[in-house]
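S.K.: My questions will all concern the structure given below.
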Amino acid sequence: MQRTGLLERSAARYVPRFVALAVAAGAGLAGFLWLGDSWWQLAVGAYSGLLFTQIGFLGHDAGHQQIFRGRRRNDRLGLVLSNLGVGLSYGWWVDKHNRHHRSPNEVGRDPDVERNVLAWTEQQARSQRGLLRIVARHQDVVFFPLLLLEGWNLHVGSIRMLLRRRRRSLLELTLLAVHTAGGLALLLTVLSPVRALVFVVVQQSAFGLYLGSTFAPNHKGMQIIDAAARPDFLSRQVLTSRNIKGGRLTTAVFGGLNYQIEHHLFPSMPSRNLARCRPLVQAFCAAHGVPYAETRVMDSYRRSLRYLRSVRPDAA
């Protein structure tokens, strides 16, 4: 793989993405200042939520050490993009995401399939009580509406972790404080308090929905691994992941995560190289009899919702 250059990291290759994001951010800021104290600003709020997600994709790449050759520079960039740019703890997210990569879809090890508002196994669904049990009966219906709250959920997770580790998290807390104070100052300089509040709600809702919609097709509805099982690395990563078919637009929208199988096999591979890696992985899986899941985006959503519908507290 190294001989093909697919694992070679080069920050220069990321320059077009940074330039595109800078132009998009400048356009959004210009539109925000031009509109002034208007309800049309809600469109800018939704736009900025989408922009935050794209910044988050770059933070994801930095967390996987994909951009620079050295860890320190990747982590510094990740702190700027995540804490200062998006308002999420980089350290908390990297720890959580690395645990997911080590044990994707494994109950008890992957934080993304822990029982919370949604249940990912029948046992989890049967354990739900009260309102959560009602949700478990209809979680395929409420899944996308709940994603509107995902941004808030990530912010709460970040703050809770950082407050528990205050001494080691001073830099992260400072960057989050600058992000929050700077954002509120900008909003309240232009908007009335009510419009500023609604702007934030729309922005965070768009952020959560977009982010959740790009991560959901990757693993939901794929094989769930029991904690007692010990599959080999290839099976663990491939059987729990799903690729999304599409061209460059799909790759741009998903931040490269549409090549989820390749990303899980080679997490430090720059996302721009995953498409080139795909035929190599497909051929290898075919030669070893390992199913390789790949489908269109709408079909991936249907499969994910179908799986959620099958996980019910009253299932036979």
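S.K.: Those residues that are without any contact (Cβ under 8 Å) to a residue 12 or more places away in the chain and either assigned to a loop (DSSP other than H, G, I, E, B) or within 30 Å of ALA11 (Cα to Cα) (or both), I need them from the stretch 285-316; list them, please.
M.R.: GLY289, ALA316
S.K.: Please return the ranges of helices (runs of 4 or more DSSP H) entirely within the stretch 1-98 where 1 or more residues are over 21 Å from MET161 (Cβ atoms), β-branched (Val, Ile, Thr) and touching a Gly at 6+ places or on another chain (Cβ under 8 Å). Don't jump to the end; show me each part of the working.
M.R.: Numbers: elements: 15-35, 41-63, 71-79.
Those helices (runs of 4 or more DSSP H) span 41-63.
S.K.: Quick one: would you say ALA206 is more than 19 Å from VAL156 (Cα to Cα) and assigned to a helix (DSSP H, G or I)?
M.R.: Criteria not met by ALA206.
S.K.: Moving on. Can you tell me which residue is surrounded by the fewest Cβ atoms within 10 Å (Cβ to Cβ) among those in the stretch 39-60 that are more than 21 Å from the chain's Cα centre (by Cα) and without any contact (Cβ under 8 Å) to a residue 60 or more places away in the chain? Give the steps one after another, and end with the answer.
M.R.: Pass one, the stretch 39-60, residues more than 21 Å from the chain's Cα centre (by Cα): 39-44.
Then keep just the ones that are without any contact (Cβ under 8 Å) to a residue 60 or more places away in the chain; that gives 40, 43.
Numbers: TRP40: 10, ALA43: 13.
The residue in question is TRP40.
S.K.: How many residues are closer than 17 Å to VAL201 by Cβ and buried (at least 17 other Cβ atoms within 10 Å of the Cβ) when one looks only at the stretch 1-38?
M.R.: Summing the residues that are closer than 17 Å to VAL201 by Cβ and buried (at least 17 other Cβ atoms within 10 Å of the Cβ) in the stretch 1-38 gives 1.
S.K.: Additional query: Filter the stretch 190-233 down to the residues that are at pLDDT 90 or above and of a type in the set (Phe, Trp, Tyr) and list them by number.
M.R.: PHE199, PHE207, TYR210, PHE233
S.K.: ARG129 fails exactly one of the following numbered conditions: (1) touching a helix residue (DSSP H, G or I) at 6+ places or on another chain (Cβ under 9 Å); (2) part of a loop (DSSP other than H, G, I, E, B); (3) without any contact (Cβ under 8 Å) to a residue 24 or more places away in the chain. What is the number of that condition?
M.R.: Tallying (1) touching a helix residue (DSSP H, G or I) at 6+ places or on another chain (Cβ under 9 Å); (2) part of a loop (DSSP other than H, G, I, E, B); (3) without any contact (Cβ under 8 Å) to a residue 24 or more places away in the chain, ARG129 fails exactly one: (1).
S.K.: What's the total number of residues in the stretch 150-169 that are over 20 Å from the mean Cα position of the chain (by Cα) and within 14 Å of LEU88 (Cα to Cα)? Reasoning before the result, please.
M.R.: From the stretch 150-169, those over 20 Å from the mean Cα position of the chain (by Cα) are 163-169; that's our starting set.
With within 14 Å of LEU88 (Cα to Cα) added as a condition, the list becomes 163, 169.
So the count comes out to 2.
S.K.: Let me ask something else. Which residues, taken from the stretch 266-283, are crowded, with 20+ Cβ neighbours inside 10 Å and out of contact with any Cys (no Cβ under 7 Å at 6 or more places or on another chain)?
M.R.: PRO270, SER271, ASN273, LEU274, CYS277, VAL281
The values are calculated or read from the model by the stated rules, or taken from the named source; none is laboratory data. From a predicted model like this one, the values you see are computed outputs, not experimental measurements. Counting neighbours? That spans all protein chains shown, and the Cβs are built from the backbone with ideal geometry, glycine included.
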